[in-house]
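Okay, so here's the structure we're looking at.
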Amino acid sequence: MRTARRRRNAGEKPVIRMSALLGLQKIDLFKGLDTPSLREIAGQCKWTRCRRNQYVMRRDGTDRDVYFVIAGMVRVAAAAGRGRRIIFRDIPAGEVFGEHSAIDGRRSFADVLAVRESLLASMPPEAFRAILAKHAPVRERLLRRLSGSVRELADRLLDLGARSVQWRVWVELLRLARLAGVQANTARIERAPTHREIASRVGTSREEVTRELSRLARQGLLERAGRALLLRDVQALENLVADSHPEHIDAPAAPVEEARIFSPGGARWERRAVLVADVLDAAGSEARDEERALEQRRAFFAHATAEVIPTHAGRSLSKTLGDGFLAEFPDGVQAARCAFELHQGLAQLNAAAAVPPLGMRVGIHVAEVIVETFNVLGDGVNIAARLAELANPGETVVSAAVRDQLASGVDASVEDLGEQRLRNRERAVRAFRLWPPAHQPVLAPSAAVRAHGRPSVAVIPFQLRSEDPRFAFIGDGLADETIAALSRVADFFVISRLSSMAFRRAPLGLRAIGDMLGVQYVLSGSIQTAYPHVLFVAELADVRDGRILWSDRFQGDLADVFAMQAELARKLAASVAPFVRSVEMRRARITSFEELDAYGITLRGVELMHRLSREDFLLARQAFQAAIERDPLSPAPHAWLAKWHVMRIGVGVSENPLRDSEDATASVERALACDPNDALALAVDALVASWSRHDLDAAERRLARALEVNPNEPLAWLWNAMTHAWRGRGPEAVQSADRALSLSPLDPMIYYFNSLASTANLVAERYERAIELATRSLRENCLHTPSLRALAVGQVLSGRLHEARESVRRLRELEPGLTVHVFKERYPGRASPQAERFAAALQAAGLPE
């Protein structure tokens, strides 16, 4: 006999499972603690299982909890601009993260995501600090951990600032080899990281990593074996690392300066962004307080070369230009961001210094230059230096080549200086002054959005995670198609592609994108290719709090990836649109209409209307009327009010069906007067024509027009199914109903979809499916009388007379005045052969004639 589970009294503490204690025993911080202490700690923990690639913590989020990795592995990484990421470290089982935010209360300095499926325990910062206060061993281990983190960070900064890219790649390969295990001077790295991941770890570009791995392969030190990486001579790689020093890499026989000029083997032409910084007033400051001024200048140069420039994927060069310095970057966007941070850092240094302040002006140019180990050469360097001369202290001046790589207002605020004559140059150069991007948007589309209250969406180009240049523009094309599909949804405000494309590579947070575009939701994602397959990952985020509301994965073949863009965009629009409606409807569930915009009030009315309690149903009409008063030019509230009158007739609560028919006709006419091409209004007009005038021909014309305007309007497909059903066309009715359900699988009024789909299946004589759909509908809304009618008919026609009589009994309780005669008069498909069969079935189940 099965025993009942004992209920826990309110005063009892939750039982801590042994598995939780065993999991916490694996955490390095808690080693040596006794079982009662671990039990106490486990009682403060929340347990979470994360999927692979699922974000645990966001850099711009509000999470301050401390996390313990019980099983699996997570990665700490941060955006570094232009789609790149810096990987700080991978945290395996037994380790902890989030302790910094718990201690100082500040936001996380990086994102944390699961590398593979992981089990995490977390606790609030207050509980963590209490544990530190109570348990001295935990406190000591944390101090050693924090000290080790500082040393690790210092070593990494030195590596980034002083070591070559080659050296950093070698060290990363050796680290991976040791993790994989070295045997007989070789190592096989299974499931080797991508070039982009290695670049994220060593602070460089993917191209640099690819170039160095190719060079090692040509030397016979490295070999690719499928997804594995084979190091053939680990000792040789260790010798390369040992022989290299920050100031002397690839030691040449000739002097370094001579090698820069005459060694063709060490130079290569590459397109780079060159930054020249000119520090002003250094000489005057030194004359007044030579020692302090020199110390200030050295401190700034060290800060620039060791901290700022490397974090922007740049390379500081040993060559100095008078009182300035030189750096090179993969592109102009990185260089511009670095310049802004340099100006900010110098201002902070000046504020804290006791000597006269330093000034700095910066010039940036993008051009083909000769890239050497310690220098860059070419005319591009001279142009950058001359552009710096145009700037005032604290300013950055760039060329047109840099300006073309920037998204104005996103990457920087731009001022066109026109054609400028540069010193010692014959031809004038177009110059632009840059400022950091404004925190407040110059234009605020959100004001227009709030005027009509529609939810606003921006579709950001999907990021391509592949090294194949043939598919470089798949992400842009998919975003274009999705924007077009969402734009056909009448109750959405969709930002144009020209605005959203500005964020193709801009590493801005969701809130920043929302502020700049004035949107509430951002749809983004990634594309991963592994020949011959392609994987699309899409996610919808709410910019107001950064939460991921919806995500999904779509697979396909690379052979037809371009052809599938339109179909995938349709699926995205079909999935996202009803989900946003659902979120907005939840937002609308507040008591006061004064706190809602017109769109929110309309959604509130839709929800109230489909609850079908008498009080809620009457409140729905008030909601639609309030929305019309607030926004009389929007067709949506007029259309929904028309549907309310039709529904009042359909569920049998109308006191005057003729009057409701007239009101429905008037409301839908006003909706079409607001917008004659609104798909929802056209679809509702078809519904009114069917119920009020029994004019199925007019209904079919309206529905055809609605689907022409918006092929993804689910209600148009749903009512198209009913028009087919009322005509007696069962297969066509089922096909349209299935299309409606696929377009809106998460619709807040899914019970209504299931109810009408049940009727479509009855006409097609698919009685079991009809019963299933009617049962689903009643599970969502047990007061919906049309669902009970469909269920009773299906039960009679499938031989379940006893069940049908129970369904009719419930139906008569809800609608006492319903008879077979009333049903036949009300049913729009009264002329179809199915009408008599349905009426006979209801009579057989006990409905009075």
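The values are calculated or read from the model by the stated rules, or taken from the named source; none is laboratory data. What you see is a predicted model, and the numbers here were worked out from it, not measured in a lab. Cβ atoms come from the backbone with ideal geometry, glycine included; neighbour counts cover every protein chain shown. Just so you know, the surface numbers come from the protein's heavy atoms only, side chains and all, with ligands and any DNA or RNA stripped out. Shrake-Rupley method; radii C 1.70, N 1.55, O 1.52, S 1.80 Å.
Observations
- Of all residues in the stretch 517-530, those that are open to solvent by 40 Å² or more (accessible area, probe 1.4 Å) and either closer than 22 Å to Val576 by Cα or modelled with pLDDT under 70 (or both) total 1.
- Asp663 vs. criteria open to solvent by 30 Å² or more (accessible area, probe 1.4 Å), among the acidic types (Asp, Glu) and modelled with pLDDT of 90 or more: yes
- Members of the stretch 774-795 found to be in a loop (DSSP other than H, G, I, E, B) and either open to solvent by less than 30 Å² (accessible area, probe 1.4 Å) or more than 22 Å from Asp616 (Cβ to Cβ) (or both), listed by number: Asn781, His784
- Residue pairs meeting the criteria (Cβ under 8 Å; at least 6 apart or on separate chains; first without any contact (Cβ under 8 Å) to a residue 60 or more places away in the chain, in the stretch 105-127; second assigned to a strand (DSSP E or B) and among the basic types (Lys, Arg)): Val112/Arg75
- Total residues in the stretch 741-782, condition under 22 Å from Val820 (Cα atoms) and at pLDDT below 80: 1
- Among the conditions (1) small (Gly, Ala, Ser); (2) outside any loop (DSSP other than H, G, I, E, B); (3) in contact (Cβ under 8 Å) with a residue 40 or more places away in the chain; (4) more than 24 Å from Gln463 (Cα to Cα), the only one that Ala77 does not satisfy is (4).
- Being farther than 30 Å from Thr602 by Cβ and of a type in the set (Ser, Thr, Tyr) holds for only one residue in Ser736, Ser832, Ser787, Ser755, and it is Ser832.
One line per residue, one yes/no per condition, for (1) under 24 Å from the mean Cα position of the chain (by Cα); (2) over 17 Å from Lys31 (Cα atoms); (3) crowded, with 20+ Cβ neighbours inside 10 Å; (4) not basic (Lys, Arg):
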| position | (1), (2), (3), (4) |
| --- | --- |
| Tyr55 | yes, yes, no, yes |
| Val74 | yes, yes, yes, yes |
| Ala79 | yes, yes, no, yes |
| Asp104 | no, yes, no, yes |
| Pro124 | no, yes, no, yes |
| Val150 | no, yes, no, yes |
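- Enumeration of residues in the stretch 815-830 that are open to solvent by 60 Å² or more (accessible area, probe 1.4 Å), touching a residue at least 12 places away in the same chain (Cβ under 8 Å) and either acidic (Asp, Glu) or touching a His at 6+ places or on another chain (Cβ under 9 Å) (or both): Arg830
- Evaluated against (1) at pLDDT 85 or above; (2) within 19 Å of Ala136 (Cα to Cα); (3) out of contact with any Leu (no Cβ under 9 Å at 6 or more places or on another chain), Arg51 falls short on exactly one condition, (2).
- Filtering the stretch 600-610 to residues that are surrounded by fewer than 24 Cβ atoms within 10 Å (Cβ to Cβ) and free of Cβ contacts under 8 Å to residues at least 24 places away in the same chain leaves only Leu608.
- First in the stretch 179-202 and polar (S, T, N, Q), second anywhere and open to solvent by 50 Å² or more (accessible area, probe 1.4 Å) and part of a helix (DSSP H, G or I), Cβ under 7 Å, 6 or more apart: Asn185/Gln235
- Selection from the stretch 611-652 of residues that are within 27 Å of Ala790 (Cβ to Cβ), assigned to a loop (DSSP other than H, G, I, E, B) and open to solvent by 60 Å² or more (accessible area, probe 1.4 Å): Arg611
- Residue that is farthest from Arg292 (Cα to Cα) [pool: residues in the stretch 342-356 that are in contact with a Ser or Thr (Cβ under 8 Å, 6 or more places away or on another chain) and not hydrophobic (A, V, I, L, M, F, W, C)]: His343
- Matching entry among Leu229, Leu179, Leu216 (being outside any loop (DSSP other than H, G, I, E, B) and either small (Gly, Ala, Ser) or open to solvent by 30 Å² or more (accessible area, probe 1.4 Å) (or both)): Leu179
- Hits in the stretch 355-379 - residues which are in a helix (DSSP H, G or I) and more than 15 Å from Leu326 (Cα to Cα): none
- Flag for Leu222 being open to solvent by less than 20 Å² (accessible area, probe 1.4 Å), more than 29 Å from Phe109 (Cα to Cα) and of a type in the set (A, V, I, L, M, F, W, C): yes
- Scanning the stretch 127-143 for residues that are more than 16 Å from Leu33 (Cα to Cα) and surrounded by 12 or more Cβ atoms within 10 Å (Cβ to Cβ) yields Ala127, Arg129.
- Within the stretch 796-814, tally of residues that are crowded, with 18+ Cβ neighbours inside 10 Å and of a type in the set (S, T, N, Q): 1
- Every residue from the stretch 802-849 that is among the polar types (S, T, N, Q) and part of a loop (DSSP other than H, G, I, E, B): Thr819, Ser832
- Unmet criterion (only one of (1) open to solvent by 20 Å² or more (accessible area, probe 1.4 Å); (2) of a type outside the set (Lys, Arg); (3) without any contact (Cβ under 8 Å) to a residue 24 or more places away in the chain; (4) within 18 Å of Ala127 (Cβ to Cβ)) for Leu38: (1)
- No other residue among Val449, Val410, Val397, Val429 is open to solvent by less than 20 Å² (accessible area, probe 1.4 Å) and at pLDDT 80 or above apart from Val397.
- Conditions (1) modelled with pLDDT under 80; (2) outside any loop (DSSP other than H, G, I, E, B); number of the one not met by Ser147: (1)
- Apart from one condition, Arg693 fits all of (1) closer than 26 Å to Ala835 by Cβ; (2) surrounded by 24 or more Cβ atoms within 10 Å (Cβ to Cβ); (3) in contact (Cβ under 8 Å) with a residue 24 or more places away in the chain; the exception is (2).
- Comparison of Ala704, Ala740 shows that the only residue that is among the aliphatic types (A, V, I, L, M), over 26 Å from Arg614 (Cα atoms), free of Cβ contacts under 8 Å to residues at least 60 places away in the same chain and open to solvent by 30 Å² or more (accessible area, probe 1.4 Å) is Ala704.
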